[in-house]
Amino acid sequence: MSLSARVSTLCALSALALGLALPGGAQAQDEAAIVGAEKARDAALAANIALDYVTQLTTRFGPRPAGSASETAAAEWAAGYMRDHGFRNVRIQEFPLVGWERGQESAAIVGANPQPLVAAALGHSPATPEGGIEAEVVRFATLEAFQAVPDGSLAGKVAYVDAGQLVPMQTGAGYSPLSRIRSVGPGVAGRKGAVAFIMRSAGSDEHRMPHTGTTRYVDGVVPVPAFALSAPDADQLSRLVGYGAPVRVRLSSTARTYQTTSRNVIGDLPGRTRPDEIIVLGSHMDSWDLGTGAIDDGAGGAITLAAARVIADQGRTARTLRVILYGSEEVSQPVETGNGGGAYLRSLSPEDLANHVFTGESDFGADRVHTLQLPVGVQTGAFADAANRVLYPIGVLRSAQPEREGGVDIGPIVQAGVPVFGLKQDGLRYFDLHHTADDTLDKIDPEQLTQNVAAWAGLVSLVANSDVDFRAMAPATPAP
Ligand code: ZN
Ligand code: ZN
C-alpha cells in the first residue's frame, strides 16, 4: 500500500469511528453509496425478477451442451433478452471448441448375475466399439490405489473406482477430490491397459441418477470409454465384487466429438462518470445434456442479470456493469482455447484488462448466500464495513478469508490480476442435483434465488458507486 493510500485508509477508519460521512479516497465509502446499495438490495427483495430469465432459458432451450445448436440458439435469445432489458453494446463473442455428443449408451452386469446398471458416459469419452465392450471389473477404493498399479497391468479389464459418496457440506468441499477421479481416471485407465473406466458418480444423492461431467485425456494415451454409475448402482456393483467371484460388465456408447463453436454473450450497463472502469458479473450459458441446466448454471445468469437490472433501475452507476454469459464452461476442450473465460481474456488489450476493476461469478446453484469473501487486502477496513452493513440484514456474513479464485469462467481474468469477490452459497443440496437429469427448473427455490439477487445487487451497487481501487489494496506479491 502506498503512503497516500495508508493515510486515506486511516482517515477513512477514523471518520467511520466518528460516524461521519466519508469523502472519496482509497478506502472511503460515502454514505450515499451505502444508502444506494441498501436501496438496490431492498428493491431486489421486493421485485423477484430473476426467475423469469431462468424459466424462459430452460423452457425454451432445455439442455445446452457447449457448442450445440441449442447453446447457440440460447445465446442469441439471451442477447435479445439483454437488449430488451436495457443492456447496451450487447455482443456475441464466438470461439472454436471440440464439442461432444452423448449418443446412446448402456451398462449391465453380465454372466452369472445379469442385471442392468444405470450409468452415463463422461463428457469427451469416446464411443465403445460397435456391440460394446465386455470385460471383468477390477475395483479400487481410491484413485491413489488405482494409480499405484503398474502400467499395462489391467490389460483387457474394466477399471472401476468407487471412492464413496460425496458428503453434503455447505461449502461443497468434498467435490474436488471426487471430480479429480472423473478428470484423470480415464487417462490412468488407458495407461494401465484397461479397456474402459467406470466410477461412482461425484454426487451426494442416493437416487438412481448418474452425474456426468467432463473428463480429460492425456496426450499419448489412447482414450478409453468412461462412465459414471448412479450411487445405488455403484453400491450394487461394489457389493457383488465384494462377494469374491469375478464380475463382468458390458458397456456400450455411441458418443462422438466434433469441431464446433461456442459463444460468450456480453452486455453492458455503461457507467455515468467512470465508464472505462468495468465490473464483470459472470456465469455460464452451457449445461450438461441430462437435465436442463437450471441450477448449473441458468440460475447464475438469472442472478447476475437481475442484480444488474435492479441496480440500473436505481439510476446509472459511476462504473460500468458488464454481465457475461460464458460459453463452454463444462467442456473447455481443448483446455487452452476451448472455453469462454479464456476467449474473453484473449479479446482484451492490456489497457482493457487494466480497466477491469472487480469481478465475481455465480455458479453454485440458487440456494441462499451466507458468506461474503472480498478480494485480497480488503477483508477489513471501511469498504468491508460498508459491505457488511448492506449484507448483514439479509443473513450474509463477512469472512476473514479473502476470495482468490471466483470460478472457472472468470478464472482467466482473475489470474491476470482482476480483484475477485465471492458470495458463497449454501451447497448442501447442490451435489444432489449437479450434472444429473434432475437439474431442472423446479429445483430452484424462488425465495432463495431472490436473496441471491439482493446480495449481488447490494454488493455490486456499492462497488459500482465507490472509488475504491481494489487492485491497489492487494499486498504486493513477493518477487520470484
Ligand atoms: Zn457450472
Ligand atoms: Zn457444471
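The charge dipole of the stretch 103-254, taken about the Cα centre with unit charges on the Cβ atoms of Lys, Arg (+1) and Asp, Glu (-1), comes to about 140 debye, rounded to the nearest 20.
Sites count as exposed loop sites when they are GluC sites (Glu not before Pro), lie in a DSSP loop, and have at most 11 other Cβ atoms within 10 angstrom; the longest stretch of the chain without one is 131-335.
About the Cα centre, and with charges only on the beta carbon of Lys, Arg (+1) and Asp, Glu (-1), how big is the dipole of the chain? Nearest 20 debye, please. List each step's numbers first, then the result.
Details: 38 positive and 51 negative charges, 94 e Å.
That gives a dipole near 460 debye.
What does the charge dipole of the stretch 302-375 about its Cα centre add up to, to the nearest 20 debye, if the Cβ of each Lys and Arg holds +1 and the Cβ of each Asp and Glu holds -1?
On the way: 6 positive and 9 negative charges, 74 e Å.
That gives a dipole near 360 debye.
Provide the net charge surrounding ASP286, with neighbours chosen by a C-beta distance below 9 Å and charges set as Lys +1, Arg +1, Asp -1, Glu -1.
-3
For the chain, the residue among THR215, GLN415, VAL158 whose Cα projects farthest onto the positive side of the dipole built from Cβ charges is GLN415. Bridges between two residues of the chain, per DSSP, are antiparallel at a rate of about 55%. For the stretch 110-256, the share of accessible area belonging to carbon and sulfur comes to 55 percent (1.4 Å probe, ligands and nucleic acids excluded).
What value, in deg cm²/dmol to 500, does the helix sum -39500 (n - 2.57) over DSSP H runs of n ≥ 4 give at 222 nm once divided by the residues of the chain? Before the final figure, lay out the partial values.
Values: 15 runs with 165 residues, N = 480.
Using -39500 (n - 2.57) per qualifying helix, the result is -10500 deg cm²/dmol.
A 1.4 Å probe run over the stretch 103-254, with the rest of the protein chains in place, finds 42 Å² accessible per residue.
In the frame of its principal axes, the chain has Cα extents of 79, 44, 40 Å, reported largest first. Look at the alpha carbon pairs under 8 Å that are at least 6 residues apart: their mean separation over the length of the chain gives a relative contact order of 23 percent. Of the DSSP H helices in the chain, those with a Cα length along their own long axis of 20 Å or more and a mean Kyte-Doolittle hydropathy reaching -0.5 comprise 3-17, 31-47, 69-84, 175-192, 299-313, 446-464.
The values are calculated or read from the model by the stated rules, or taken from the named source; none is laboratory data. Because the structure is predicted, anything quoted here is derived from the model rather than measured. Cβ atoms come from the backbone with ideal geometry, glycine included; neighbour counts cover every protein chain shown. Protein only, heavy atoms only, side chains kept; ligands, DNA and RNA dropped before computing areas. Shrake-Rupley method; radii C 1.70, N 1.55, O 1.52, S 1.80 Å.
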